[in-house]
Amino acid sequence: MSLSVQTNIMGQPVFHAFVEQGPAWPMTSWDVLQQKPIEVNFMEVGKLLERVHERKELLLCTIRSSQVVPIYPFLTQMQAGGFECIHVLTCDANTYIITFAAFSPERAMGSFEAGIARLASERSLVGVSRTFIDTDVRRWWTAVLESTSACHLNIYQDHVFSRLDRELVAISDEDRMRFLSRIITALDDRGYEGASAVIDQVFNQIVEHNYRIEDVAELSAQVLLAAVGLKAGSGRDRLVQLPLSTRQWLQYVGKQCPKWWDWRDRLKQSLMVIMGREEALTSAHSAQIGQVIQMIESNYDSDLDVASLAARVFLSPSYLSKRFKSETGMTIREFIVQTRLNKAKDMLLHDFHLKAYEVGAHVGYPDPTYFNKLFKRQVGLTPKAFRDRAVRQSLGIHESD
């Protein structure tokens, strides 16, 4: 993916993803995880940067999450901690690039980290650029690249956010072939156990060297394709949807936002399925967990309980609960609440003919008092305050106005 500045019919420069970039901009590709084109009005960004107080410093934060990001409570907390939000670039409901300004960003980093910790989950990747004072839009774009790379680096670090304190490097062809040869040789000689042990070693080296995620995705796809070749005709790979291409692995990372150990375990699980071990049959339960997720997302407004969900996928309630927690990182009840509240947020922002209590009833919470308390506990605002805040934001009205 690369970028360009083009001129639209209104004469304003606009950023486009997936097109060849112009010579005036850094000759580098952007975020390999961004699947959909986005646009940035550089003229608007430039005007916003010019309004920043001359004594304030700027920094950018890239947030990518497997869940819908509660962006407004986060921005409110950042403002209380001394950070002024200058610009929000919305890539999708799960990805934001936010420009902050502060008189002393380093002093305020304590509150920043606390806000990120509250915002982020186990399935979030957060990167922060270096601070800068130059309000030129080209320096801003360099910070976009920095924060995006730091977000990728966060896969390898057990921190709530990462800064680009080291470069992500390409896997050389020699190292790629060495890694692949070691895994496949172990798989051919010693079966799954041997290959699993080598994958552990390879990922330890991946973390040590901070390889580019697109290169790790390509290596992962090559491992699985080679394994499919060893087990040609077994049909086991159809038990679950396996990421057999670089693009599928990048889609997995972009959607699930895994840490490196999650990525490693996903690769090993997929390999287990391909090799047809008896233990691999348990991986078929991944398909059953997918059915449960689909049932919850399709019937979020109904009375849902573990027992009825388990019966529909022919599992015991206790085993379903264990598998669901293992594969999603959440309990079934937590996932139901998250699904309902995400739908409630969407309705609050788009279905203005519905009152807040009517939205609650639509998503499975007919008791207005309970819906208000639950929404505020999870989001940080009441449903009405969440809607009002969004309206003010869309109109460009600040809290002090």
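The values are calculated or read from the model by the stated rules, or taken from the named source; none is laboratory data. Computed from a predicted model, the values in this text were never measured in an experiment. Cβ: placed from backbone, ideal geometry, glycine included. Neighbour counts: every protein chain shown. Keep in mind that these areas ignore ligands, DNA and RNA; they rest on the heavy atoms of the full protein, side chains included. Shrake-Rupley method; radii C 1.70, N 1.55, O 1.52, S 1.80 Å.
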(request) Kindly indicate whether Asp165 is over 15 Å from Phe74 (Cα atoms), in a loop (DSSP other than H, G, I, E, B), open to solvent by 10 Å² or more (accessible area, probe 1.4 Å) and touching a residue at least 40 places away in the same chain (Cβ under 8 Å). (result) no
(request) Considering (1) crowded, with 22+ Cβ neighbours inside 10 Å; (2) touching a Leu at 6+ places or on another chain (Cβ under 9 Å); (3) assigned to a helix (DSSP H, G or I), say which one Val126 fails and leave the rest. (result) (3)
(message) Residues to consider are Ala170, Ala217; find the one that is over 14 Å from Met275 (Cβ atoms) and open to solvent by 40 Å² or more (accessible area, probe 1.4 Å).
(response) Ala170
(message) Can you name every one of the strands (runs of 3 or more DSSP E) wholly within segment 10-95 that holds 2 or more residues which are in contact with a Pro (Cβ under 8 Å, 6 or more places away or on another chain) and at pLDDT 75 or above?
(response) 57-65
(message) Could you check segment 133-151 and list, in sequence order, the residues that are open to solvent by 20 Å² or more (accessible area, probe 1.4 Å) and either aliphatic (A, V, I, L, M) or under 18 Å from Arg123 (Cα atoms) (or both)?
(response) Ile133, Val137, Leu145, Ser149
(request) Return a yes/no flag: does segment 109-119 have any residue that is open to solvent by less than 40 Å² (accessible area, probe 1.4 Å), out of contact with any Cys (no Cβ under 6 Å at 6 or more places or on another chain), free of Cβ contacts under 8 Å to residues at least 12 places away in the same chain and part of a helix (DSSP H, G or I). (result) yes
(request) Sort out which residues of segment 315-332 are open to solvent by 20 Å² or more (accessible area, probe 1.4 Å) and touching a residue at least 24 places away in the same chain (Cβ under 8 Å), and write them in order of number. (result) Leu315, Arg323, Glu327, Thr328, Gly329
(message) Filter segment 296-349 down to the residues that are within 26 Å of Ala93 (Cβ to Cβ), in contact with a helix residue (DSSP H, G or I) (Cβ under 6 Å, 6 or more places away or on another chain) and among the small types (Gly, Ala, Ser) and list them by number.
(response) Ala344
(request) Mind listing whichever residues of segment 119-173 are more than 24 Å from Gly46 (Cα to Cα), of a type in the set (Ser, Thr, Tyr) and under 18 Å from the mean Cα position of the chain (by Cα)? (result) Ser121, Ser124, Tyr156, Ser162
(request) All but one of (1) open to solvent by 50 Å² or more (accessible area, probe 1.4 Å); (2) touching a strand residue (DSSP E or B) at 6+ places or on another chain (Cβ under 9 Å); (3) free of Cβ contacts under 8 Å to residues at least 40 places away in the same chain; (4) under 20 Å from Asp165 (Cα atoms) hold for Arg51, so report the exception by its number. (result) (4)
(message) What pairs come out if I take residues in segment 358-378 that are surrounded by fewer than 18 Cβ atoms within 10 Å (Cβ to Cβ) and pair them with residues that are aromatic (Phe, Trp, Tyr) and assigned to a helix (DSSP H, G or I) whose C-beta lies under 7 Å away, six or more apart or interchain?
(response) Pro368/Tyr357
(message) Could you list, ordered by first residue, the pairs with Cβ atoms under 7 Å in which the first is in segment 88-107 and open to solvent by 50 Å² or more (accessible area, probe 1.4 Å) and the second is of a type in the set (D, E, K, R) and at pLDDT below 85, at least 6 apart or interchain?
(response) Asp92/Lys36
(request) Given the conditions (1) open to solvent by 60 Å² or more (accessible area, probe 1.4 Å); (2) among the basic types (Lys, Arg); (3) touching a residue at least 12 places away in the same chain (Cβ under 8 Å), report the number of the one that Lys345 does not fulfil. (result) (1)
(request) Could you tell me which of the residues Ser196, Ser181 is buried (at least 16 other Cβ atoms within 10 Å of the Cβ), out of contact with any strand residue (DSSP E or B) (no Cβ under 8 Å at 6 or more places or on another chain) and of a type in the set (S, T, N, Q)? (result) Ser196
(request) Check whether at least one residue in segment 303-317 is acidic (Asp, Glu) and modelled with pLDDT under 90, and report yes or no. (result) yes
(message) Pull out all pairs, ordered by first then second residue, where Cβ-Cβ is under 6 Å, the residues are six or more apart or on different chains, the first lies in segment 229-251 and is within 18 Å of Leu187 (Cβ to Cβ), and the second is of a type in the set (Ser, Thr, Tyr) and at pLDDT 55 or above.
(response) Leu242/Ser270; Pro243/Tyr252
